[in-house]
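Asker: Right, I'll just put the structure down here and ask away after.
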Amino acid sequence: MKLCDYCITNVLGSKESWDYHNHSYDALTPSSKNRCLFCSTLRKDLRRVAPWLKESDYAESWPVYRWSIRSLTKIRESPETVVVTFRYVPPKKRPGIEANEEQDRIDLPTRTFFLFPDKDLQPLPTLEQLGRSTNPNVNGGHQIRAWVEKCDQKHTDCMRQRKATPIASRFIPTRLLDISGPLETPIRVIETATTTVQGPYCSLSHCWGKPDFVQLHDNNKKSYMTDGVPWNLFTNNFKQAVEIARFLNVGYIWIDSLCIIQGSADDWVREASRMHLVYRNSYCNIAIADSIGQYGGAFRSREPTDVSPVVYQSREDSPMFGRQKWRAVSEDLWARELLQSSLYTRGWVFQERMLAPRILHFARNQVFWDCPSLSACEALPAGLPRPMDTISGPDRHWRGRLQEPGGSRDLAGPNDQPLSVYWQTAVRNYTSCNLTQRSDKLIAIWGIAKLIKDAMGVEYGEGLWADNLEDQLTWRVAECELKERPVTKKRTFPSWSWASMDGEIIIADRLSDKKHWTVCDHNGRRLELDLIGVKRYAHALQPRSTQPRSAEPTPFLQNRAQSDSVLEVKALKQNQRNAPGHQINNPPSKDHSPQKINEDAEPMLHNRSIPIQGHINCGMLSFDAVKKAWLLHLHNARDLDIEAYPDTIPGPKDLQHHCSFVVLSAKKVVQPKSEVISTQTGHHTAEDIEIEGRGVLLEAVRKPRKDGQDHFRRTGALRFRVENEEAFRKLLCTKGWEKLPAEKYSAKRGRKFWLD
């Protein structure tokens, strides 16, 4: 791949900072031997998004792209950089031609390319060193060996878990494949409890596709452990993964379908709970990124010129480029060639990628390397330049923190982002992936949740954290697109868990560490998860109200919540453990003996309904076409516009829809207004006080429950910011409070109900 004469002359060689690019589709179609990096990228987008623009009827719509060029200021951590950006230009409306709704919605992506001085990217491989295959046994695998050796010898932040653990204490999976034998001979499945394992193991990330390949079952387990799995039964994915592990001089590999007994519910539950340990303790994870099923394999043929960064050198002395040699690279190389590949759209693989200490990704055109110290590829073996490191950098940072030794207790440092920030990002990225089985939605991210749980000492259940549960409950879907809530047969999720929804999920920020107004449970205490094996006695928010029942809502309550600081949370937890009456242990079983809890297993709930006492109010949902958002209007305060985020589409957007809701938490926001000088007190600052808060949308469960209590399901989330306490009181009204019995309603706290 190269740069065509048109782009060299009219873009890189132009004296302008912007202009239009190519005035016809044919100009974007050079011969296959002279493919231009810029033009071919734009042409692919056109063919995928708006193929009709190549028709002669749309010749007058061109040009459809505008380019711009600028130079980034050089800083110590980043090389000198020139940025070239191509943006879509909407076609002009042509008289006499009817508007086409599909064509009017054309949204060609913006494409950005970086040019770096060649000397700043060295060492770069020659075309001969890249070779015509990603198979290390064909191209020599020199780059793979160099990455592994450098990581082993020079990366002090890599493999910290492994280095800190004595060999005798290192985790070993229940089963492994022994690949130390001769080539193409049967490979035995071994059970590590009865077989001595000599050395480390590799792990494998891959797409299953149709499950019509060799798997471990109860009926073949004895044969596969004694005689081995015949080589001819291995798929291309498995064969080539074994070849890669052998190339790394590793004698064992863990492959899920051959190391977990398929069809055995007991073995699946046991091994799924240990998945985080399998990947976190592997020597290297082998990721087959470009195969949509078991038969595609890891290795690909390629043209070395398609991999090597494109060379550019100005034909004359240029103010921007000088006379030195430059290399042009697509900004989204990491995302487009790797993270958008078949493998990384799968939900299970998200935690595999984040938990593995280092990864060799075999993609379509090249091999990528990922460890806590370096993100690189064969095109850029020394690492991604900083301007290209916006996605891989944060992932690399968190992968390193998730590798911290010592049972993960040191994951959260005082001078770093709290783990709650990573959890928000992790859930959003994870829920953007696909899962074949919806019932796996929580177990497939449990490995990451387990490490965070151990580090923060915070209880976890159904995807939510127990601390500040009222904030956790206000997650929202990024795009309200579903008409109905998904149904999961094997495992049902409570409506208050984000796992009950499909699509990208946004976890709410912690409201603040300042004073809150919050709902409470039925006993006036903080909301809790009723987890099996954990009993927590929380301090009451305040004494139970003895005021007479009336329609008057509670005043703004002042209760201090826990700090955002991880260290303060840890200290508070320790104080609670030492306090009289506090207990975190296994509850006694019916025979009064302690109940044994598997600490590696995902926590389960005694009761999936959360007891809440709060003011259930009513309003109308309407869609604002200008803001392109749903708003909640109160019956008793129509001037209050509240942001609403329904889980599913409430109904036609041109109609209003009745909705119940409850505010879960709120805080006062103090904003300086003006400063005046008092002769008696000196300086005095006047303040504007607003109230910000969150809640959830609700619907009543119509089917009578045996407990005779009022049950509701979550249908969405809401956020608000009101001008004063009087406006806030309008939110804290219980609809129909007059008809509720005294044991179910308090004027101060509202209505007692269960959130299912």
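What follows draws every value from the coordinates through simple rules; no lab data is involved. Computed from a predicted structure; not experimentally measured. Glycine also receives a Cβ, built like all others from the backbone with ideal geometry; neighbour counts cover every protein chain displayed.
Asker: Hey, got the Cα dimensions of segment 447-517 along the principal axes, in Å, largest first?
Answerer: Here the Cα extents, ordered largest to smallest, are 38, 28, 18 Å.
Asker: Also, I was wondering about something else. Taking the Cα centre of segment 129-402 as origin, work out the dipole magnitude from +1 charges on Lys and Arg Cβ and -1 charges on Asp and Glu Cβ, in debye rounded to 20. Display every interim value, and only then the final one.
Answerer: Details: 33 positive and 27 negative charges, 122 e Å.
So the magnitude is around 580 debye.
Asker: Still on this structure, I have one more. Convert each backbone phi in segment 436-441 into a coupling constant with the Karplus relation 6.51 cos²θ - 1.76 cosθ + 1.60 (shift: θ = phi - 60°), then list the ³J(HN,Hα) values in order as whole Hz, x for Gly and Pro.
Answerer: Using θ = phi - 60°, the values come out as 5, 10, 4, 5, 8, 4 Hz.
Asker: If you don't mind, there's one more thing I want to ask. If I model a spin label at residue 78 and residue 16 as a point 7 Å from the Cα along the Cα→Cβ vector, what separation in nanometres do I get?
Answerer: Those two pseudo-labels are separated by 2.7 nm.
Asker: Still on this model: I need the per residue convex hull volume for segment 129-402, using only the alpha carbons, in cubic angstrom as a whole number. Please list the in-between numbers first.
Answerer: Numbers: hull volume 37.1 nm³, N = 274.
Measuring per residue, one finds 135 Å³ for the Cα hull of segment 129-402.
Asker: Once amide H atoms are built 1.01 Å from N in the peptide plane, which residues 5 or more positions from residue 375, or in another chain, come under 5 Å H to H?
Answerer: 384
Asker: While we're on this one: Please turn the phi angles of segment 266-283 into ³J(HN,Hα) values with the Karplus equation 6.51 cos²θ - 1.76 cosθ + 1.60 (θ = phi - 60°), one per residue in order, whole Hz, x for glycine and proline.
Answerer: Calculated HN-Hα couplings, in order: 5, 5, 5, 4, 5, 6, 4, 6, 9, 4, 5, 6, 4, 6, 5, 10, 6, 5 Hz.
Asker: Sorting 752, 150 on the 10 Å Cβ count, fewest up front, what's the list?
Answerer: Numbers: 752 21, 150 16.
Going from sparsest to densest Cβ surroundings: 150, 752.
Asker: Let me ask something additional. Mind listing the long-range amide H neighbours of residue 367? Cut-off is under 5 Å, sequence gap 5 or more, other chains count too, H placed in the peptide plane at 1.01 Å from N.
Answerer: Excluding prolines and chain starts, which carry no amide H, the hits are 378.
Asker: At R0 = 30 Å, how high is the FRET efficiency between residue 484 and residue 89 if r is their beta carbon distance? Nearest 0.05 is fine.
Answerer: Numbers: r = 40 Å, r/R0 = 1.33.
Efficiency, from the Cβ-Cβ distance: 0.15.
Asker: How large is ³J(HN,Hα), in whole Hz, for each residue of segment 601-617 in order, when computed from phi with the Karplus curve 6.51 cos²θ - 1.76 cosθ + 1.60 and θ = phi - 60°, using x for Gly and Pro?
Answerer: 7, 4, x, 10, 9, 5, 10, 8, 9, 9, x, 9, 10, x, 8, 8, 9
Asker: Give me the net charge for the shell around residue 396: Cβ to Cβ below 12 angstrom, other residues only, Lys and Arg +1, Asp and Glu -1.
Answerer: Working: positive: 353, 358, 399, 401; negative: 157, 370, 389, 395.
Local net charge: 0.
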